[in-house]
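Here's the structure, in structure tokens; my notes come after.
The values are calculated or read from the model by the stated rules, or taken from the named source; none is laboratory data. Everything numeric in this text was worked out from a predicted model, so none of it was measured. Virtual Cβ from ideal backbone geometry, glycine too; neighbours counted across all protein chains shown.
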Amino acid sequence: MIRDMLALIRPGISLAVGLSALAGYVMAAGALSGGGGLFAGTFVLSAAVSVLNQIQERGRDARMERTRSRPLASGRMSAGQGSLLFSILLALSAMLLWPLLSWRALPVLLVVLGLYNGLYTLMKPVTGWAMIPGAACGALPFWIGWMAGGGGLFAIEPAYFFALYFVWQMPHFWMLAESNADDYAAAGFPVPANSFSTFSRQAIPRIWTLALAMLGGMAPLFGLATGLGQAYALATVCPAYALLAVFARARVLRLASDGFLAGVVLMIVTERLVS
């Protein structure tokens, strides 16, 4: 039962969401203290979104090799049980976020659910560009953390990080679809392999990764990573990552993109903590 619940909440993804929100909190508050509730709330919110998504896609999941053993797709857990777990997680998330966000917790929940379980999930069987609302949802946790840390809704820092996370997710999702093309096709999901030429399938994710390298290197223009050490690190790492984007295989490039994003975010957040 515990293993099935872990499969439903996808703790790895939920952990990444929680850490992203915590980074936003630190950038706004200038300290880690007080961010525990935010981390827990966004972790649980991501878990709730994952459970609802698997309820929605259980039929298609059952047709894919990599997902057919999931609790709902395999029938080990009913949709009713999944719905109960989703409701509990969503309510818990609201309780954890309310002390930090107050009334703003409600629109946060609605926007996240609307983007991921609404637009993304409904568009996914229709078009490969469903990744756009999916990426927008994945870029929101930093902004949520920023607001929870006392930052204003409209500021340059969360806008920059939103763009950074959004651009990162585009090649990430694209290369994930490439590596699981047969599975997605079996479930009826549009995949790049069925919509683009071989050249385009190789070029498009690399263009996005080059954009990510450029955006990472532009951090000092937004008043971020302004120390000499950070600026030197960006001037070294960004061109190296851009060069890797041109020649690396998709799997290597996906891992490198994850590491690049984590490194840039950690560098900027650490600078804010010690300043």
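Observations on the structure shown:
- Condition check for MET95: at pLDDT below 90, aliphatic (A, V, I, L, M) and either within 30 Å of MET64 (Cβ to Cβ) or surrounded by fewer than 17 Cβ atoms within 10 Å (Cβ to Cβ) (or both): no
- Scan of the range 116-129 for residues that are within 18 Å of SER87 (Cα to Cα) and under 15 Å from the mean Cα position of the chain (by Cα), ordered by number: TYR116, ASN117
- Residue in the range 80-88 that is in contact with a Gly (Cβ under 7 Å, 6 or more places away or on another chain), part of a helix (DSSP H, G or I) and not assigned by TED's automatic domain parsing to the domain that holds LEU176 present: no
- Taken together, the residues in the range 124-167 that are of a type in the set (Phe, Trp, Tyr), touching a helix residue (DSSP H, G or I) at 6+ places or on another chain (Cβ under 6 Å) and either surrounded by fewer than 18 Cβ atoms within 10 Å (Cβ to Cβ) or in the same structural domain as LEU15 (by TED's automatic domain parsing) (or both) amount to 3.
- In the set (1) under 22 Å from the mean Cα position of the chain (by Cα); (2) free of Cβ contacts under 8 Å to residues at least 40 places away in the same chain; (3) under 20 Å from ILE207 (Cβ atoms), the condition left unmet by VAL264 is number (2).
- Qualifying residue in the range 40-49 (condition: surrounded by fewer than 19 Cβ atoms within 10 Å (Cβ to Cβ) and not assigned by TED's automatic domain parsing to the domain that holds GLU271): yes
- Scan of the range 1-42 for residues that are of a type in the set (Ser, Thr, Tyr) and in contact with a helix residue (DSSP H, G or I) (Cβ under 9 Å, 6 or more places away or on another chain), ordered by number: SER14, SER20, TYR25, THR42
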